[in-house]
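Scroll down for the structure; my scribbles are underneath it.
What follows is calculated from the coordinates using simple rules that are stated; it is not laboratory data. Quick caveat: nothing in here was measured; it's all calculated off a predicted structure. Neighbour counts are summed over all protein chains in view; Cβ atoms, including those assigned to glycine, are modelled from backbone coordinates with ideal geometry.
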Protein chains: 2
Amino acid sequence: MSQPRVYIHEVVTRDGFQMERVFIPTPAKIDLINRLSRCGFAKIEVTSFTSPKAIPMLRDAELVMGGIERVPGVVYTVLVPNLRGAERALDVGADEMNLVMSVSESHNRSNLKMGREASFEALSKVIAFAGRRVPITISLSCSFGCPMEGTVPIAEVLGWAGRFIGLGVSGITLCDTTGMAHPAQVALLAQAALTLNRSPEFEWTMHFHNTRGMGLANTLSAVQQGIVRFDSAMGGLGGCPYAPGATGNICTEDTVHMLEAMGLDTGVRLDGLLTLARELPALVGHEVPGQLIKAGRITDLHPMEHLS
Amino acid sequence: MSQPRVYIHEVVTRDGFQMERVFIPTPAKIDLINRLSRCGFAKIEVTSFTSPKAIPMLRDAELVMGGIERVPGVVYTVLVPNLRGAERALDVGADEMNLVMSVSESHNRSNLKMGREASFEALSKVIAFAGRRVPITISLSCSFGCPMEGTVPIAEVLGWAGRFIGLGVSGITLCDTTGMAHPAQVALLAQAALTLNRSPEFEWTMHFHNTRGMGLANTLSAVQQGIVRFDSAMGGLGGCPYAPGATGNICTEDTVHMLEAMGLDTGVRLDGLLTLARELPALVGHEVPGQLIKAGRITDLHPMEHLS
């Protein structure tokens, strides 16, 4: 009842699947999202309206968005890279658009083939075009460091956040794109972010990867500072191009399990989620990094004979 | 210089190897410990003086203890289950003995084939026999929960700790034997422990497993409360019998990397440790859970071409 509320954004079908090599059939995506919709997530990042050539895995964005059932209370958000993507997202009635740029000049140029100012300009046009019709959030890549440039100053991250806030976006997601964040840094950036905008309607989200094993420690650190929204991917899918074999996004079921054990209310029904998570290795064709499907919940007791 | 100091106890050759199926040759163990000795660990738990039938992997305890070089400043500790083990440990000149019992009656009966009072009685005799010759620490299994009984009350854990403190032990290790701890619980138990005994000479150690992905979050939570000693195993070796495929002890290199990134001084030279950790999969014959050997340090930068 009076438990502090945390909001989980499931990104497995976008950020998770994007890195997978074998195409996941459209009906399987739709079925998964429909079942995720009944697990109690605040948001589901369904897909991305990028070029089918750039990300073939998500070439069925319209079909997926058109095929899913919309459960009231769940925000169905989509990644949108540009104006064309925004038109496509509006055509299928996305609840929200998530635009992306990097706070690192090198990473933005590598990843988006343009400088940060050009990205800001382009995204400003998307906001001008679509911002009155749907809420828009901005994902700032490399907010906790750039794999090419290294440290990104907090002032730099918040400078870009502030410019987007000035354009009226509904939220900013601080992304640890390649898993470089550590808990002390997370605490500082969370404090700075909440100082910049403490409006209860404004959505600060943190997006961690577990690349170096610190994903849940970073989540803990953020929660301690008052961050209440997190992106995560079922199974911990979604790798990092620099770290083959390393884990991906923080694992939704592991994250929910930790937060609920701590007495926080995520709204997510872990039983239903675990059923889905156990089917994920078969769906993607390989083992996944998530621990809970191997270890069970801390409340799962074992008979004594087991050990003797 | 004025960085807060954290002390890392490397347990890979005892708790890590104990779970391995294929015998690791004595010279390989000695070589590994000799190289670990030069990495800056506060303690190395070298081996266990248990029955060779119970744990065949550690049947070479005398040979290993007799064969290693002792580096000044490193405490070479050994696990001792009973009086016979204590005699063997004294014979080879162990710096410290680590005795074990469980704070869960069911787990103690399953694991040690006797009740807790009988274990306390037996360990009291070991302390009476050896306690004037070497420092003795007590590892309390299931301090964060029992896989058979579930929750173990803090008062129960600290009751056993207090009885051993009364016998003059030099430290207590609170063990999360099957990875059931969560950060809120860790904070409470750490606070209670430091209230029970805040002497700077007394060593409270926490021993976490990453079974459910919370190992580093629990470490963070403990550090925040003032716990400065941690057991960890290189590579994250050391599984849990209830969770095949789940990760084991918290991974030393991942732990050191996080703590050092946060500005804490662990005394451990991460470069040397990473060299050893990269050889570990070949030594044990399988992949290990540690992330850092796959992902590299957060300070390892990449050229731009990598992404474009």
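A few points about this structure:
- Between region A:140-189 and region B:231-259, the Cα center-to-center distance that results, in Å: 30 Å
- Region B:97-175 - share of DSSP beta bridges that are antiparallel (%, nearest 5): 10 percent
- Candidate lysines - alpha carbon under 23 Å from A:LYS43, same-chain residues fewer than 8 apart omitted: A:LYS29
- Ellipticity estimate at 222 nm from DSSP helix runs (n ≥ 4, -39,500 (n - 2.57)) divided over chain A, nearest 500: -11500 deg cm²/dmol
- Summed residue charge, Cβ within 13 Å of B:ALA118's Cβ, Lys/Arg positive, Asp/Glu negative: +1
- Unit charges at the beta carbon, dipole of region A:235-308: most positive-side option, A:ALA277, A:VAL256, A:TYR242: A:TYR242
- Applying a 4.7 Å Cβ-Cβ cutoff to chain B, the cysteines left without a disulfide-compatible partner are B:CYS39, B:CYS175, B:CYS240, B:CYS251.
- Over chain B, relative contact order from alpha-carbon pairs under 8 Å, at least 6 apart, %: 19 percent
- Rg and Dmax over the alpha-carbon atoms of the protein assembly as shown stand at 25.2, 81 Å.
- For region A:147-265: rounded, prolate or oblate by the Cα gyration tensor [a/c cutoff 1.5]: oblate
- Those GluC sites (Glu not before Pro) in region B:237-280 that DSSP places in a loop and that have at most 14 other beta carbons within 10 Å: none
- Computed magnitude of the charge dipole of region B:267-308 (debye, nearest 20; Cβ of K, R +1, Cβ of D, E -1): 120 debye
- Structural descriptor for region A:1-98: relative contact order 28 percent, calculated from alpha carbon pairs under 8 angstrom and at least 6 residues apart.
- Backbone phi angles across region B:257-272, fed through the Karplus curve with coefficients 6.51, -1.76 and 1.60 (θ = phi - 60°), yield HN-Hα couplings of 4, 5, 5, 5, 4, 7, x, 8, 9, 8, x, 8, 8, 5, 4, x Hz in residue order; Gly and Pro are listed as x.
- The lysines within cross-link reach of A:LYS125, meaning a Cα-to-Cα straight distance under 18 Å and a gap of 8 or more places when in the same chain, are A:LYS113.
- When you count the other C-beta atoms within 10 angstrom of each residue and take the mean per peptide, B:9-18, A:93-102, B:154-163 line up highest first as B:9-18, A:93-102, B:154-163.
- Backbone phi angles across region B:13-20, fed through the Karplus curve with coefficients 6.51, -1.76 and 1.60 (θ = phi - 60°), yield HN-Hα couplings of 6, 9, 5, x, 5, 3, 8, 6 Hz in residue order; Gly and Pro are listed as x.
- Using the Cβ-Cβ distance between B:ALA128 and B:ILE154 with R0 set to 35 Å, the FRET efficiency from 1/(1 + (r/R0)^6) comes to roughly 0.80.
- Count Lys and Arg as plus one, Asp and Glu as minus one, and take only other residues whose Cβ is under 10 Å from that of A:SER51; the net charge is then +3.
- What the phi angles of region A:77-85 give under the Karplus curve with 6.51, -1.76 and 1.60, with θ = phi - 60°, is a coupling list of 9, 9, 7, 10, x, 6, 4, 4, x Hz, glycine and proline written as x.
- Antiparallel DSSP beta bridges within the protein assembly as shown, percent to nearest 5: 5 percent
- Rounded to the nearest 20 debye, dipole of the protein assembly as shown from Cβ charges on Lys, Arg, Asp, Glu: 20 debye
- Sorted ascending by nearby beta carbons within 10 Å, beginning with the fewest, B:VAL64, B:VAL71 become B:VAL71, B:VAL64.
- Within-14-Å neighbourhood charge of A:ILE227 [Cβ basis; K, R +1; D, E -1]: 0
- Prolate/oblate/rounded call for region B:1-95, Cα gyration tensor, a/c under 1.5 rounded: prolate
- Percentage relative contact order, region B:102-170, counting C-alpha pairs under 8 Å, at least six apart: 42 percent
- Here's how it looks for B:TRP204: its modeled amide H is under 5 Å from those of B:ILE172, which are all 5 or more places away or on a different chain.
- Electrostatic dipole magnitude of region A:7-306 [Cβ: Lys, Arg +1; Asp, Glu -1; Cα centre; debye, to 20]: 600 debye
- Inter-centroid distance (Cα atoms) of region B:34-84 relative to region B:110-125, Å: 23 Å
- Beta bridge orientation in region A:7-306: antiparallel %, DSSP, nearest 5: 5 percent
- Residues A:SER143, A:SER104 in ascending order of nearby Cβ atoms (within 10 Å, fewest first): A:SER104, A:SER143.
- Sorted largest first, extent of chain B alpha carbons per principal axis (Å): 65, 42, 41
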